[in-house]
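Student: Sharing a structure with you now.
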Amino acid sequence: MKKNSPKIALLFVLGAIIYSCSLVKRVPEGKHLLTKTEILVNDKKTSDEIIVNQQYQKPNSHLILGFPLRLQMYNLARKNADSSYHVWLERKPNRHKNLTAVLSEKQVNRLGQSFFVSGLSNFLKKNGEAPVIIDEKRTQKTKNRFLNYYFNKGYFKTKVNYKIDTLKNKRGHITYTIDTGKPYTIDSIDSEVETPALDSLYQKIKGGSLIKTGKQYDTKDFADERKRISTYFRNNGAYRFQETNISYNVDTVKTDYKANVDILIENQTIKKGDSLLQVPFKLYKISEVNIFTDNTSSRNKLKIADSITYKNFNLYSSDKLAYRPKAITDAIFITKGSTFSDNRRLLTSRALSNLRVFSYPSIEYVEDAKDSTGTSLITNIYLSPRKKYSWIPSVDFMHSNIQDFGIAGNMTFTWRNVFRGAEILDISTRGNIGSSKDMANPNNVFFNVSEYGADIKLTIPRILFPLKTERIIPKIMFPTTITSFGFTRQRNIGLDKENFTGIINYNWQPKKNNTARLDLINIQYVRNINPYNYFNVYRSSYSTLNDFAQTYNVNPSFVDANGNLTISEGGADNFINDVIQGNTVLNPDDSAYKNIRSINERKKRLTENNLIFASNFTFTKSTKTDLLDNTFSIFKTKIESAGNFLNLLHGISKVPLNANGKKTFLDVEYSQYIKTEFDFIKHWDLGRRNVFATRGFFGIAIPYGNSNSIPFSRSYFGGGSNDNRAWQSYGLGPGRSGGINDFNEANMKIALSAEYRLNIFGKWNAALFADAGNIWNVWDNVEDKNYTFNGFKSLKDLALGTGMGIRYDFSFFIGRLDFGFKTYNPAKPESERWLKDVRFDKSVINIGINYPF
């Protein structure tokens, strides 16, 4: 090793020299690559993103460990790939001639622009980053921007200097020195409103001014205050008012760092002939609301064939009116006699768009010539109906852990305005056929699994309830009622299930960024068609049971010629019965007996039919403003209760208990439980398309009354592309049990995730992530401490997965590939839990669409 040390050191030195030289490959002679900028504010270095972003020039972007990948990509590209091609073409006299003998002259010339010649270089240039060359003109512009930034923050006497240090190897640094001086604060505030009617409005909101005495001067406060005043005026009748009618005079002369502010709200300026006159603003009211319900009648009353007046709204149509008036007027917040308001116009646009039977509406205001005072407006609302009927087919090809290959088809038929009340009826059918080598295939056909189903959904743009709900959920919250019914049937998938669902839910928006959903009725009936196929599907359970049978089975009729428990002949079930009935050497205290009993309990749980008659409420609060907002939070909570209504019916009907001592409805045991969930997501925008995202989830479902466990469809699982990515779906937990079953689930879950997302180049992104969490059984029929949550000490069973991922932005969705590593595995002995499986050959690969949270 000592003999090789000088060689290794020499290789490092040579590599560093080559790397260093490659960075300035595209830097012209006499120029310098900007490798570092430093900003000193009042002699203190700052990395505040807002201040850093004031620079016109910043060093090339760096990935992890400071490697400038995009700069290196740009440097790898040939400077003029097309020109190099033509030089190569003419280097030998016969080369051009030989090529034109095969291709045309035009094709030979275009070959230089092809992917084979220029494609790689063009890709590297497009997705790379040109070297940032120090430019003193840009440095001077940066200085001016700093001056402007601090001036807007109240530092009117700021001084900015800069120093450019040129280093060897064509490199350079820039240091900015900023002396802000003492900031100015607001001293006195005076106001003058020239229009008396506006002055009366201003006095009502004057106390909420964003410009306050004693507060540091900030230009943003002045802009926000201008917007606040203008918004209030325009929502209270000032139809002609604009933000430009508000101006400020700020006096800072000999005021000892105090700013005296005068707010001036001027009269309206109108043009009369060749002269400009200033006249007081008027406050307008709505004198008439006209609604044109189709395109053919828009702006042309001569084509109107049908009209009606309903609650002071005038509705027109070029044909017979296709809508019940109330269906449209319920979505309109501009009413006759109301004061002009921008907010009412916005609410009307949103409500009409939410109906989904019209395209985006056009709302216009016209001064009413019949009003001699000139303070009335006529509102004209033009609606463009969408197609009454639409049909959307789709086909997908898929691969999953159930199917090696599958083809899925879906057809959705939409009928708008089905009952003339802007209702929408969606009827969809779906089918799937697939091939699976793990499923039953007695006839050896390729497509041996299938699934088909249908759904009917009716959306009504209001709350449909026997009692009036307008006071609780007014129309300003955009309420809707959705009723849906569905049926699905599977063949050769698991236990071959039939799934019936029926839902009546209400949706509304209590505030702009809040949504609420109440499932008044949520019914699900799951029927297992082939429960006897259990051990063919859940092979892990069968393998464990079969291993015990090799030691404890005393009945030769339970096994086949190879000594394995039979399934279709009932050997596995009979062996379980023998153990539980005491027909073997095992007794209830033996661990093998407990394991076999646990397998039997799980089999009963997963093969029983489920009837869930539930109600739930979900509330979501989001601070996300738009698709480009990367600093936001989302909080979601849900509470669900099941079985209480059926329990009440059972008490009234006095139907006897079944053989298991359980209450039934239509001869099916129904589930009874209460479930609650909390989900919180937080994102931080770190600049340069880098984002740090976190998520925390907690959920618990507690069985009681008629149930001692939670239905499989309502339980929790761990692992998968949107959970702990170091484990496969259903492969984590419960607790420290080790995920020994094929589909592991429980009734309590904790999940915590953090992810750092960074842009590599172009539409390619990467991520580093850590996922912690697990599932446990609690207050149900599972007692094994390896599976159950036993207080805070069970938190050491939280599994930790870490990893990395690559993502590509397809604009309309994100393609995602993640590699997860089991960093802390609670299923292993305590001395082997950390970092034993952090190897690529033991990584879990997850393919997903869009971000996991």
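Student: Starting from residues that are among the charged types (D, E, K, R) and crowded, with 16+ Cβ neighbours inside 10 Å, keep the ones in the range 518-556 and report whichever is nearest to ASP667 (Cα to Cα).
Tutor: Per the stated criteria, the residue is ARG527.
Student: Restricting to the range 789-824, give me the number of residues that are modelled with pLDDT of 95 or more and part of a loop (DSSP other than H, G, I, E, B).
Tutor: 2
Student: Pairs needed: first member in the range 645-668, touching a residue at least 60 places away in the same chain (Cβ under 8 Å); second member anywhere, outside any strand (DSSP E or B) and not acidic (Asp, Glu); C-beta distance under 6 Å; at least 6 residues apart or different chains.
Tutor: VAL668/ASN609
Student: Which of the residues that make up the range 199-223 are in contact with a helix residue (DSSP H, G or I) (Cβ under 9 Å, 6 or more places away or on another chain), over 26 Å from PRO280 (Cα atoms) and assigned to a helix (DSSP H, G or I)?
Tutor: Selection gives THR219, LYS220.
Student: Separate question: Quick one: how many residues across the range 589-616 are within 23 Å of GLU640 (Cβ to Cβ) and part of a helix (DSSP H, G or I)?
Tutor: Total meeting the criteria: 2.
Yes/no matrix, rows are residues, columns are (1) farther than 19 Å from ASN616 by Cα; (2) in the same structural domain as GLU498 (by TED's automatic domain parsing); (3) modelled with pLDDT of 95 or more:
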site	(1), (2), (3)
GLN672	no, no, yes
HIS683	yes, no, yes
LEU686	yes, no, no
SER737	yes, no, no
ASN744	yes, no, no
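Student: Take the range 609-635 and flag every residue that is within 12 Å of the chain's Cα centre (by Cα) and either outside the structural domain of ALA701 (by TED's automatic domain parsing) or of a type in the set (Gly, Ala, Ser) (or both).
Tutor: SER622, SER633
Student: Right, LYS621: farther than 30 Å from ASN759 by Cβ and among the charged types (D, E, K, R) or not?
Tutor: no
Student: Could you please tell me which pairs satisfy a Cβ distance under 7 Å, a separation of 6+ or placement on different chains, a first residue in the range 736-753 that is free of Cβ contacts under 8 Å to residues at least 40 places away in the same chain, and a second residue that is assigned to a loop (DSSP other than H, G, I, E, B) and buried (at least 22 other Cβ atoms within 10 Å of the Cβ)?
Tutor: ASN744/GLY733; ASN744/PRO734; GLU745/SER715
Student: Restrict the check to the range 439-446 and report whether at least one residue is exposed (fewer than 15 other Cβ atoms within 10 Å of the Cβ), among the aromatic types (Phe, Trp, Tyr) and modelled with pLDDT of 80 or more.
Tutor: Scanning the range 439-446 turns up no residue that is exposed (fewer than 15 other Cβ atoms within 10 Å of the Cβ), among the aromatic types (Phe, Trp, Tyr) and modelled with pLDDT of 80 or more.
Student: Any idea how many residues of the range 51-81 are modelled with pLDDT under 90 and assigned to a loop (DSSP other than H, G, I, E, B)?
Tutor: Result for the range 51-81: 10.
Student: Which numbered condition trips up ALA238, out of (1) over 30 Å from SER307 (Cβ atoms); (2) under 45 Å from the mean Cα position of the chain (by Cα); (3) outside any loop (DSSP other than H, G, I, E, B)?
Tutor: Going through the list (1) over 30 Å from SER307 (Cβ atoms); (2) under 45 Å from the mean Cα position of the chain (by Cα); (3) outside any loop (DSSP other than H, G, I, E, B), ALA238 breaks only (3).
Student: Follow-up question, since we're still on this one. Only residues that are of a type in the set (S, T, N, Q) and in a loop (DSSP other than H, G, I, E, B): list them for the range 683-719, please.
Tutor: Once the filter is applied, which keeps residues that are of a type in the set (S, T, N, Q) and in a loop (DSSP other than H, G, I, E, B), the range 683-719 yields ASN706, SER707, ASN708, SER709, SER715.
Student: In addition: Would you check which residues across the range 316-343 are part of a strand (DSSP E or B) and either modelled with pLDDT of 95 or more or in contact with a Cys (Cβ under 9 Å, 6 or more places away or on another chain) (or both) and list them?
Tutor: Scanning the range 316-343 gives a single hit, THR339.
Student: Any idea how many residues of the range 737-752 are out of contact with any Phe, Trp or Tyr (no Cβ under 6 Å at 6 or more places or on another chain), of a type outside the set (Val, Ile, Thr) and either at negative phi or not in a loop (DSSP other than H, G, I, E, B) (or both)?
Tutor: Adding up the residues that qualify gives 3.
Student: Same structure, new question: Within the range 361-372, take every residue that is in a loop (DSSP other than H, G, I, E, B) and in contact (Cβ under 8 Å) with a residue 24 or more places away in the chain and give me the one that is surrounded by the fewest Cβ atoms within 10 Å (Cβ to Cβ).
Tutor: My answer is LYS370.
Student: Another one. Between LEU346, LEU352, which is loosely packed, with under 14 Cβ neighbours inside 10 Å, over 18 Å from ALA197 (Cβ atoms), at pLDDT 95 or above and within 37 Å of the chain's Cα centre (by Cα)?
Tutor: That would be LEU346, the only listed residue that is loosely packed, with under 14 Cβ neighbours inside 10 Å, over 18 Å from ALA197 (Cβ atoms), at pLDDT 95 or above and within 37 Å of the chain's Cα centre (by Cα).
This table checks each residue for (1) surrounded by 14 or more Cβ atoms within 10 Å (Cβ to Cβ); (2) in the same structural domain as ASP294 (by TED's automatic domain parsing); (3) without any contact (Cβ under 8 Å) to a residue 24 or more places away in the chain.
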residue: SER318; (1), (2), (3): yes, yes, no
residue: PRO325; (1), (2), (3): yes, yes, yes
residue: GLY374; (1), (2), (3): no, yes, no
residue: ASP396; (1), (2), (3): no, no, yes
residue: ILE407; (1), (2), (3): yes, no, no
residue: ASN410; (1), (2), (3): yes, no, yes
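Student: (1) of a type in the set (A, V, I, L, M); (2) within 30 Å of GLY128 (Cβ to Cβ); (3) outside any strand (DSSP E or B): which one isn't true of ALA827, the others all being true?
Tutor: Among (1) of a type in the set (A, V, I, L, M); (2) within 30 Å of GLY128 (Cβ to Cβ); (3) outside any strand (DSSP E or B), the lone unmet condition for ALA827 is (2).
Every residue, every condition in (1) of a type in the set (Ser, Thr, Tyr); (2) more than 19 Å from GLY848 (Cα to Cα); (3) assigned by TED's automatic domain parsing to the domain that holds TYR824, yes or no:
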residue: PHE665; (1), (2), (3): no, yes, yes
residue: THR676; (1), (2), (3): yes, yes, yes
residue: ASN690; (1), (2), (3): no, yes, yes
residue: ALA693; (1), (2), (3): no, no, yes
residue: GLY696; (1), (2), (3): no, yes, yes
residue: SER715; (1), (2), (3): yes, yes, yes
residue: ASP723; (1), (2), (3): no, no, yes
residue: SER729; (1), (2), (3): yes, no, yes
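Student: Does the range 163-181 hold any residues that are within 25 Å of PRO28 (Cα to Cα), surrounded by 15 or more Cβ atoms within 10 Å (Cβ to Cβ) and of a type in the set (A, V, I, L, M), and which are they?
Tutor: Listed by number, the list holds a single entry, ILE174.
Student: Against the condition buried (at least 16 other Cβ atoms within 10 Å of the Cβ), closer than 19 Å to PRO59 by Cα and either under 44 Å from the mean Cα position of the chain (by Cα) or at pLDDT below 70 (or both), how does GLY112 come out, does it pass?
Tutor: For GLY112, the condition - buried (at least 16 other Cβ atoms within 10 Å of the Cβ), closer than 19 Å to PRO59 by Cα and either under 44 Å from the mean Cα position of the chain (by Cα) or at pLDDT below 70 (or both) - is not met.
Student: Scan ARG517, ARG527 and give me the residue that is more than 26 Å from THR607 (Cα to Cα) and of a type outside the set (Phe, Trp, Tyr).
Tutor: After applying the criteria, what remains is ARG517.
Student: Next question. Could you give every pair whose Cβ atoms fall below 7 Å, whose first residue belongs to the range 590-601 and is under 15 Å from PHE535 (Cα atoms), and whose second residue is of a type in the set (Asp, Glu), counting only separations of at least 6 or pairs across chains?
Tutor: Taking only residues 6 or more apart or on different chains, the pairs are SER598/ASP784.
Student: Can you name the number of the only condition in (1) charged (D, E, K, R); (2) farther than 28 Å from GLY739 by Cα; (3) surrounded by 14 or more Cβ atoms within 10 Å (Cβ to Cβ); (4) modelled with pLDDT under 95 that ASP626 fails?
Tutor: Condition not satisfied by ASP626: (3).
Student: Looking only at residues in the range 680-719 that are out of contact with any strand residue (DSSP E or B) (no Cβ under 7 Å at 6 or more places or on another chain) and small (Gly, Ala, Ser), which one is farthest from LEU800 (Cα to Cα)?
Tutor: Only one residue tops the list, namely GLY705.
Student: Further question: So which of ASP221, ASP165 ends up being in the same structural domain as ASN148 (by TED's automatic domain parsing), within 46 Å of the chain's Cα centre (by Cα), closer than 30 Å to LYS143 by Cα and among the charged types (D, E, K, R)?
Tutor: Unique residue meeting the criteria: ASP165.
Student: What are the residues in the range 642-658 that are surrounded by 12 or more Cβ atoms within 10 Å (Cβ to Cβ) and closer than 24 Å to ARG714 by Cα, if any?
Tutor: Within the range 642-658, ALA642, GLY643, ASN644, PHE645, LEU646, ASN647, LEU649, HIS650, ASN658 qualify.
The values are calculated or read from the model by the stated rules, or taken from the named source; none is laboratory data. A quick note: this is a predicted structure, and the numbers were derived from the prediction, not measured. No Cβ is skipped: glycine too gets one built from the backbone with ideal geometry, and neighbour counts run over all protein chains shown.
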